[in-house]
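Structure first, then comments.
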Amino acid sequence: MSLFITFEGIEGCGKTTQISLLCESLRLQGHQVVVTREPGGCAIADAIRQILLDPVHQAMTPKTELLLYAAARAQHVAEVIQPALAQGRIVLCDRYIDATLAYQGYGRGLDRALVEDLNQLATSGCRPDLTLLLDMPAADGLERAIQRNSLQNLATEGRFELEAVAFHDRVRRGYLDLAEKEAQRFRVIEARGSVAEVAERILAVVKTFFASRKQS
Ligand code: TYD
């Protein structure tokens, strides 16, 4: 039974760590799991990712940014996500359509109906079954992201990590708004706390989701 789960949240919310923990426990339960991320996930989309995240590209306009995310997504969906789902895999994806609505729509202020149309075009309507929103205040997340970068000895922050807290706060509020509008698909998870605590919250949500799918 294929299943498409996406992870969303602001910078530093801990998505990447939590995805690998969930992947591990699903594999232990015998599921076939594919882990992927956006922007990226395949060679063409990874090349677009380099352009998008390079801090040298300060001149990039919001429209260029939107179109590049959409282009990367179109390739990723066709090359990775759809084939994996067709083979009955569980796909765990680090960011997807909601990131574009939250960052380019709520964050940059682009027309959200237009973003939705582009999402539809890029994905051919391939929507997540479940979206886990790891929520925490923007200032907490940014602090974690900057700490992580200095631990990894990254000389520069990515383009988005250079944005002010106000930007990330708009993104966070955007995500919460989306979660409220699509409560069926979204689960909001408190992302503050230890890695183990958050992992437990996520497992509980996923277990409940599996149980509800079996019943229906
Ligand atoms: P990444 O280093 O993967 O950050 P994170 O670990 O926080 O996901 O960089 C991805 C960045 O791209 C992140 O700042 C969010 C941004 N983004 C968008 O603005 N729009 C999108 O559609 C996607 C997928 C990501």
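The values are calculated or read from the model by the stated rules, or taken from the named source; none is laboratory data. This structure is a prediction, so every number in the text was calculated from the model and none was measured. Every residue, glycine as well, gets a Cβ built from its backbone with ideal geometry; the counts of neighbours run over all protein chains shown.
Points to keep in mind about this one:
- Residue within region 146-157 that is modelled with pLDDT of 75 or more, of a type in the set (Lys, Arg), within 24 Å of Thr6 (Cα to Cα) and more than 10 Å from the ligand (Cβ to nearest atom) present: no
- Any chance Gly41 is part of a loop (DSSP other than H, G, I, E, B) and touching a His at 6+ places or on another chain (Cβ under 6 Å): yes
- Residues in region 1-25 that are part of a helix (DSSP H, G or I) and of a type in the set (D, E, K, R) were compared, and the one that is farthest from the ligand (Cβ to nearest atom) is Glu24.
- Candidate set: region 158-181, residues that are in a helix (DSSP H, G or I) and among the aromatic types (Phe, Trp, Tyr); chosen: the one farthest from Leu132 (Cα to Cα): Phe167
- Qualifying position, being modelled with pLDDT under 90 and either acidic (Asp, Glu) or over 23 Å from Ile5 (Cα atoms) (or both), among Glu200, Glu163: Glu163
- Filtering region 154-203 to residues that are small (Gly, Ala, Ser) and closer than 17 Å to Glu11 by Cβ leaves Gly158, Ala164, Ala166, Gly174, Ala191.
- Within region 179-216, tally of residues that are in contact with a Gly (Cβ under 9 Å, 6 or more places away or on another chain) and buried (at least 16 other Cβ atoms within 10 Å of the Cβ): 4
- Region 69-109: number of residues that are of a type in the set (Gly, Ala, Ser) and either within 9 Å of the ligand (Cβ to nearest atom) or within 17 Å of Ala45 (Cβ to Cβ) (or both): 9
- Condition met for Asp54 (surrounded by fewer than 21 Cβ atoms within 10 Å (Cβ to Cβ), within 15 Å of the ligand (Cβ to nearest atom) and either under 13 Å from Ala122 (Cβ atoms) or without any contact (Cβ under 8 Å) to a residue 60 or more places away in the chain (or both)): no
- Summed over region 44-80, the residues that are of a type in the set (Phe, Trp, Tyr) and either outside any helix (DSSP H, G or I) or over 20 Å from Asp98 (Cβ atoms) (or both) give a count of 0.
- Within region 86-132, if we keep just the residues that are among the polar types (S, T, N, Q) and not in a strand (DSSP E or B), the residue that is farthest from Phe167 (Cα to Cα) turns out to be Gln87.
- Unique match (being touching a residue at least 40 places away in the same chain (Cβ under 8 Å) and closer than 18 Å to Ser20 by Cα) among Ile146, Ile202: Ile202
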